[in-house]
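Readers should treat all values here as calculations from the given coordinates under stated rules, not as data from a laboratory. Keep in mind that what you see is a predicted model, and the values were worked out from it rather than measured. Reconstructed Cβ throughout: ideal geometry from the backbone, glycine too, with neighbour counts over all protein chains shown.
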Amino acid sequence: MRFAYVNGRFLPHGEASIHVEDRGFQFADAVYEVWSVREGKLMDADGHFDRLERSLGELRIPTPRSRAALEHIIGELLRRNRIRNGLVYLQISRGQARRDHAFPKQAVQPTIVLTCKRLDHAAAEARAERGIAVVTVPDQRWARCDIKTVNLLPNVLAKQAAHEAGAVEAWQVDRDGRITEGSSTNAWIVTKAGKLVTRQADHGILHGITRARIFKCAQDVGLEIEERGFTPQEAYEAREAFLTSATSFVTPVVSIDNHSIANGEPGLLTLSLREAYLGEA
Ligand code: PDD
């Protein structure tokens, strides 16, 4: 049986629910985090907890449980679901209140929901060996993409557009014609001159935890990273391209808008960064 956690209780997944006037449901007034679980261990645990606290702080949602308490709940959820390889999803909304746009006048308890699911890391590995296709779409999101909110409609539409085009991910392009990030991943290229390039982490993208770890892996081997936006044209002409996220780690991109990247095979630097990331994780 699958279990979910809602506001202090472990419930059968099919019976777990929240109130119709939960502000996460009504207004997307909620934040979330996703951790990969590998051999029973949370990957990059601290990075994701730090970002969760930052997201809550930016939206002035009180932190409802300590990090230690959340870690305990996550451990118990994984145990009950018998998951050693998969992902954990955590969502915290501002809570339940009569529908009104402004924050509730009287303090309400934030809503906490946790679920987990099994993932087939072997299938992801096979995909990484082949590489994936991405397409570009306009970035239609709001001005605070650094906060990990459940306000994901533009991301949903972008991912759907990618799937309908036979691709795995959509890279979003801002008004200046530069790629910001994927719908649920950060975007990277390796230029012909061998420079690693990814968009600067300001309010325009999510500050990926995996992205930050790749900075560290690159530093360890003396590789410099240029933090700047790059155009689709620059990406088509890149030597390598890849994306990063908690659940896809480092995944080679071999086609962008139907342009083959280099010889259409995963890049060597990309594969070595994937190995370095997974080796240290
Ligand atoms: N997505 N950019 C966006 C828009 C994301 O939603 C994510 C994460 C990332 C990568 O961040 P990280 O390396 O911290 O996972 C970048 C998660 C996995 C999701 O929505 O399921």
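Points to keep in mind about this one:
- Amide N of region 236-268 lying under 19 Å from the label point, which is placed 7 angstrom from the Cα of Arg84 along Cα→Cβ: none
- Förster-model FRET efficiency, 51 Å R0, Arg98 and Asp257, C-beta, rounded to 0.05: 0.65
- 222 nm mean residue ellipticity, helices alone, for the chain (DSSP H n ≥ 4; -39,500 (n - 2.57); rounded to 500): -9500 deg cm²/dmol
- The distance separating the Cα centre of region 49-72 from that of region 177-227 comes to 25 Å.
- The number of Lys pairs in region 124-280 with C-alpha atoms less than 27 Å apart, excluding pairs fewer than 8 positions apart on the same chain, is 4.
- Three-way shape label, region 122-207, alpha-carbon gyration tensor, a/c 1.5: oblate
- Percent of Cα pairs exceeding the 23 Å cut-off, where the set is region 124-280: 28 percent
- In this simple spin-label model, placing a label point 7 Å from the Cα along the Cα-to-Cβ direction at both Leu11 and Phe25 gives a separation of 1.0 nm.
- Radius, Kirkwood style, for the chain when every pair of distinct Cα atoms is counted (Å): 19.7 Å
- The packing ranking of peptides 188-199, 247-258, highest mean first, is 247-258, 188-199, where packing means the average number of other beta carbon atoms within 10 angstrom of each residue.
- Ordering of 226-236, 83-93 by packing is 83-93, 226-236, highest average first (other Cβ atoms within 10 Å, averaged per residue).
- Protection-proxy order for peptides 179-185, 45-51, each taking the mean of Cβ atoms within 10 Å per residue, highest first: 179-185, 45-51
- Looking at region 124-280, the DSSP beta bridges with both ends there are about 60 percent antiparallel.
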